[in-house]
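The values are calculated or read from the model by the stated rules, or taken from the named source; none is laboratory data. Given the structure is predicted, the values throughout are model-derived calculations rather than measurements. Note that we place each Cβ from the backbone using ideal geometry, even for glycine, and neighbour counts take in every protein chain shown.
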Amino acid sequence: MNAFEELGLKEELVRAIADLGFETPTPIQQKAIPILLSGTTDFVGLAQTGTGKTAAFGMPLLQLIDVSQKYPQALIVCPTRELCLQICNDLQDYKKYMKGAIAEPVYGGASIVMQIRALKKGVHIVVATPGRLIDMIERKAIDLEKVKYVVLDEADEMLNMGFRDDIDFVLKNTVRRESTWMFSATMLPEVKAISKNFMRNPQEVTVGKKNIANVNIAHQYFITPAHSRYETLKRLVDFNPGMYGIIFTRTKADAQEITERLVKEDYDIEALHGDLTQQQRDKVMSRFRQKNIQLLIATDVAARGIDVEGITHIINYELPDDMEVYTHRSGRTARAGKSGICISICHSREAYKIRQLEKMTNAQFHRLDIPTGNDVCRKQFFHFMDKLMAADTSHGEYETYLTDLQKKFADISKEDVLKRVAALEFNHFLKYYKNAEDLNARNDFREKRFEGNNRDVARRDRGSFSSDNGFTRLFINLGTKDGFYKASFLQYILDESDLKKDMLGKIDLREMNAWVEIDKSVAGKMIKAIDGKKYHGRLVRMNEADSGFKRPTDEGGGRKRIPLREKRY
Ligand code: AMP
């Protein structure tokens, strides 16, 4: 008997599983399938995406539905349109040998009329996002009267996105529910509340340790001054020529801005964020899936639930504020037993975040040096040579041109031809990286604390350390006596100077005054914006604290400018 049959799955499903190439059930499948097949047990599965949870609930649902009865018997609610479509696709694969079983997606941003029409034809399983589902219920376009099984997939994410009321509404409106199955990566208090309010003695299954990161993921981080973040991103992408990855930013605006800059510099990248129409998002996703785009840049919400095969790298352009989000992001790689790399670009004030992540994921994070320009060129060169050697010459009529080619190159040596080929491919890289600056934040006392005990540093051609970490300290004559507390003070200096929070380090707010650590490159801008202004009638003084009241120039730290990268193709 095959391992899936042993779990109690019927022959049609087992055959489909074999076609998919699944050989052994994943831990969540092993534990959940026998419980869920009973059809009457409530269930909470603490498992992340990438653990095989879709099959863990999808297979039992397909087995439990009565195909001869054409009305919704099962409802799967999930946070995003992408996940909704993905679950439907997966169900499509699983029910390959089950005649007549129908699963329909219901999600916002697409024609509701078409979806209503599809439901009217009769379905067994509805896969829905909360907003559109509520819309359908209110229009009486969906009949939940006979729904026996409700699955809440990625419940924590739905709650994070503010769908609490919608979920309550759905659960209250499925009155003939025989069982409720909830899957969540984390046991948020709201997740607990749902299980308490709507479930009867749910069986709880946790896969691995809660929130443990996939062991196949290598976690790497690079430390750079805040103003070099973008340049570091480019360098890391250039250093990994075979990269097929997703870059995460905190905000839509960042995703948009970085995409525009990278596209201008001819990188193969598109953005996925909430401001795109559904059609645009579908197009981007489809191009990415087909590997027509090398890089996707996304916000967390937009990328939720994306399951794309073969992602080699995840890049955190910035570390997320919420550490849980890190596991969601990194989980986009190393899927189905493959390995992957999760890269984080940090600045030296984020030591504590790396330590928290190590603790939370129980994984080791490796600090690596940001590659030098030479490193990048060498890597690109070898990558190109591999490509050259692997070139498929079986399809063209190369033989016909061979005599002419031989004549043309008769007086040039093989070495010379190779040199010219390399020059064609590399001159732009060599030129661009000729005097590339060292992007690593310099070692100082903060970094030493940062390194911890298990630091694994791969040093390459690193020059000598200076004690400059790219920050300077500003003094300001405002404090708590002016009515400030930390958040309002931060808001005030950021609003006045029109700078972003990631340019700041530690803020030391005292009664009479405060010290602000700030990236050197923008210190001048902040001083110019604030010094001499009035706050509640009082003259505000701001100056550089560590350099004898010397006022920095507008250009601040004088970062060396790198000429614009040449077009790559
Ligand atoms: P999920 O957690 O449902 O997003 O699944 C993650 C990936 O694992 C999907 O690409 C599935 O096709 C794959 N998968 C699910 N179950 C198995 C299994 N038993 N063996 C191998 N791959 C699986």
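Of the residues making up the range 8-34, those that are buried (at least 18 other Cβ atoms within 10 Å of the Cβ), more than 11 Å from the ligand (Cβ to nearest atom) and farther than 16 Å from Gln92 by Cα number 3. In the range 227-238, is there at least one residue being in the same structural domain as Ile343 (by TED's automatic domain parsing) and modelled with pLDDT under 90? Yes, the range 227-238 contains at least one residue that is in the same structural domain as Ile343 (by TED's automatic domain parsing) and modelled with pLDDT under 90. Looking at (1) under 19 Å from Phe183 (Cα atoms); (2) among the aliphatic types (A, V, I, L, M); (3) in contact (Cβ under 8 Å) with a residue 60 or more places away in the chain; (4) away from the ligand (no atom under 12 Å from the Cβ), can you tell me which one Ile315 breaks? Every listed condition holds for Ile315 apart from (1). Exactly one residue out of Asp416, Asp392, Asp375 is part of a helix (DSSP H, G or I), surrounded by fewer than 14 Cβ atoms within 10 Å (Cβ to Cβ) and acidic (Asp, Glu), and it is Asp416. Do we find a residue being in a loop (DSSP other than H, G, I, E, B) and either within 13 Å of the ligand (Cβ to nearest atom) or within 17 Å of Glu204 (Cβ to Cβ) (or both) anywhere in the range 53-74? Checked against the condition, which is being in a loop (DSSP other than H, G, I, E, B) and either within 13 Å of the ligand (Cβ to nearest atom) or within 17 Å of Glu204 (Cβ to Cβ) (or both), the range 53-74 yields no hits at all. Among residues of the range 44-60 that are in the same structural domain as Thr26 (by TED's automatic domain parsing), those with a Cβ under 6 angstrom from a residue that is small (Gly, Ala, Ser) and within 8 Å of the ligand (Cβ to nearest atom), sequence gap 6+ or separate chain, pair up as Lys53/Ala47. Scanning the range 366-401 for residues that are modelled with pLDDT of 85 or more and either under 17 Å from Tyr221 (Cβ atoms) or more than 40 Å from the chain's Cα centre (by Cα) (or both) returns Ile370, Pro371.
Condition first: more than 8 Å from the ligand (Cβ to nearest atom) and surrounded by 22 or more Cβ atoms within 10 Å (Cβ to Cβ). Can you find one or more residues in the range 37-44 that meet it? So far as the range 37-44 goes, yes, one or more of its residues are more than 8 Å from the ligand (Cβ to nearest atom) and surrounded by 22 or more Cβ atoms within 10 Å (Cβ to Cβ). Summed over the range 218-252, residues that are surrounded by 17 or more Cβ atoms within 10 Å (Cβ to Cβ) and in a loop (DSSP other than H, G, I, E, B) total 6. Can you find even one residue in the range 319-327 that is under 20 Å from Pro79 (Cβ atoms) and within 16 Å of the ligand (Cβ to nearest atom)? Yes, the range 319-327 has at least one match. Looking at the range 253-283 only, could you name the residues that are of a type in the set (Asp, Glu), part of a helix (DSSP H, G or I) and over 21 Å from Lys500 (Cα atoms)? Of everything in the range 253-283, just one residue is of a type in the set (Asp, Glu), part of a helix (DSSP H, G or I) and over 21 Å from Lys500 (Cα atoms), namely Asp282. What do you reckon, is Leu272 in contact with a strand residue (DSSP E or B) (Cβ under 6 Å, 6 or more places away or on another chain) and crowded, with 18+ Cβ neighbours inside 10 Å? Yes: the conditions hold for Leu272.
Contact map, the range 322-350: residues that are closer than 15 Å to Thr312 by Cα paired with residues that are surrounded by fewer than 21 Cβ atoms within 10 Å (Cβ to Cβ) and of a type in the set (Phe, Trp, Tyr), Cβ distance under 7 Å, separation 6+ or inter-chain. Pairs shown: Ser344/Tyr221. Scanning the range 302-334 for residues that are in a loop (DSSP other than H, G, I, E, B), farther than 19 Å from Thr251 by Cβ and touching a Cys at 6+ places or on another chain (Cβ under 8 Å) gives Gly305, Thr333.
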